[in-house]
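What follows is a set of notes on a single structure, which appears directly below.
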Amino acid sequence: MIDLSTLTTFFGWCTVINIAFYSFTALMLLVIRGPVIKLHSSLSGVAEERLPEMYFSFLANYKLAFIMFNLIPYL
């Protein structure tokens, strides 16, 4: 059986890892937006004009998910 201390440590590290991934992704979209948009547009066939909206939606949903499933159980 998992005790509360182990579970707290697990959710704490999950939160740290997800915040790092979220920050890295947001930073890369800010710094190298043009090349990323061109790459994703050519790989997926989505119009370049729609990608910023999709990035924002992804980041918003990802943030909500890791807050709900990692941060709240940790707290």
Please state which one of Ser23, Ser41, Ser57 is over 30 Å from Ile72 (Cα atoms) and either among the small types (Gly, Ala, Ser) or at pLDDT below 95 (or both). Ser41
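Go through the range 25-61 and count every residue that is open to solvent by less than 50 Å² (accessible area, probe 1.4 Å) and either hydroxyl-bearing (Ser, Thr, Tyr) or within 13 Å of the chain's Cα centre (by Cα) (or both).
Looking only at that region, the number is 7.
The values are calculated or read from the model by the stated rules, or taken from the named source; none is laboratory data. All figures in this text were calculated on a predicted structure; none of them were measured in a lab. Note: accessible area is taken over every heavy atom of the protein model, side chains too, but ligands, DNA and RNA are not part of it. Shrake-Rupley method; radii C 1.70, N 1.55, O 1.52, S 1.80 Å.
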